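The values are calculated or read from the model by the stated rules, or taken from the named source; none is laboratory data. Here the structure is a predicted model, which means the values were calculated and not measured. Here the Cβ is made from the backbone with ideal geometry for all residues, glycine too, and neighbour counts use every protein chain on show.
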Amino acid sequence: MRPRFRRPPNPVTQAAFRRQVRNEVYLPIGLTLLGIGLLVVTASAFSYGSPSGWADTTLIVLAIPTAVLLAVLLSVLVAGSFLLIRLVRGIPGLTSGLQRGVDRVAGAIQRGSDAASRPVIVPRAAAAALARAGRSFRSLFRAE
């Protein structure tokens, strides 16, 4: 296998890509985590609300995305089931021609193998039949 030519990395484009990833991925994630941390610190410093209220709020915050994701998953499964049912209904019409073609090829192969083996099998079968007839004929005249 020939080794493929690989260009050396371009430091200018790599630096630009790293800056873009830092600004578009790491910065929003970091700011979100910082904001959540500040909210938790503020809520605990002023002891705003009761623990039961915070538990209920947390449950709602966790339940809503879960319900949305489950609804999306359910719709994907329903669409997949619908498409699978349509595909299963259409398969026999599509594959019947293929099955007929395979049957024709199998028949042609069988006829070809019969024709190819006939010059060998027929003389051997005739010789075996004559040998059997000869043994049977000799057994008639054998004295027992």
Exercise. Any idea which residue in segment 50-66 is surrounded by the most Cβ atoms within 10 Å (Cβ to Cβ), counting only those that are of a type in the set (S, T, N, Q) and not in a loop (DSSP other than H, G, I, E, B)?
Worked result: THR57
Exercise. Of the residues LEU87, LEU98, LEU74, LEU69, which is at pLDDT below 90 and surrounded by 10 or more Cβ atoms within 10 Å (Cβ to Cβ)?
Worked result: LEU87
